[in-house]
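Just so you know, all these numbers are worked out from the coordinates, no wet-lab data involved. For clarity, every value in this text was computed on a predicted model and none was experimentally measured. Neighbour counts are summed over all protein chains in view; Cβ atoms, including those assigned to glycine, are modelled from backbone coordinates with ideal geometry.
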Ligand SMILES: *[C@@H]1O[C@H](CO)[C@@H](O)[C@H](O)[C@H]1NC(C)=O
Ligand SMILES: *[C@@H]1O[C@H](CO)[C@@H](O)[C@H](O)[C@H]1NC(C)=O
């Protein structure tokens, strides 16, 4: 039995390396359950299909509360929120912006994002990797405009309109993950050594100390 589990885990790993996206499902649905009585494979265990209900595929999303330092709130609707998304390789997020609100530079390690503005005006952009000279791609988006942020690349959205803004983002993973750049570098647990950060950013200790003392709000 152990050998079989090893094989299953190995195949799950191999396929995730080969495709680098969520693997294709091999059944109609695999509603996630927290029951654990086997090895952890790539994703979550499936609920017995006979016990699956419409509610497993449903979620109501309210506007996010933007009263915070960033003036933005991301409301993810991924496998944690809708267990029916397990194995389906897709999720979404609603992003609310107060005037001047920012969804700060971040990356999704497992998903490409396609975003539509449904209210307001956003200045959005992403930065290409080193091999493309860290080229910055930006655009001002109005209601109805759509923009794509390729998988893994650092991107942001800033509300440059007069009122609130709302965007809906589709993401190509059931669990896109998010790494907020400032939080990850200056608010990690434990903190990254100042020797690393002073050299990386080519600034002195006082600036790094100052940055480390900030409260890095997570708007997700
Ligand atoms: C929004 O968040 C702020 C700050 O945490 C809080 O004071 C306020 O009550 C919240 N508003 C709503 C409508 O939940
Ligand atoms: C990046 O910069 C190098 C050196 O200037 C240049 O040769 C190359 O064409 C640039 N690549 C892109 C994608 O802009």
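Full extension of the chain between residue 90 and residue 215 gives 41.8 nm of extra length, using 0.36 nm per residue less the Cα-Cα distance. Using the Cβ-Cβ distance between residue 80 and residue 130 with R0 set to 35 Å, the FRET efficiency from 1/(1 + (r/R0)^6) comes to roughly 0.60.
Under the simplified labelling scheme, the residue 69-residue 189 pair shows an inter-label distance of 1.6 nm, with each label point 7 Å from Cα along Cα→Cβ. Between residue 196 and residue 55, the contour length at 0.36 nm per residue exceeds the Cα-Cα span by 46.0 nm. Note on the chain: Cα-only Rg and Dmax are 19.9, 62 Å.
Note the angle between two axes, namely the Cα long axis of helix 2-19 and the longest principal axis of the Cα atoms of the chain, as a number of degrees from 0 to 90, rounded to the nearest 10. Result, in degrees: 40.
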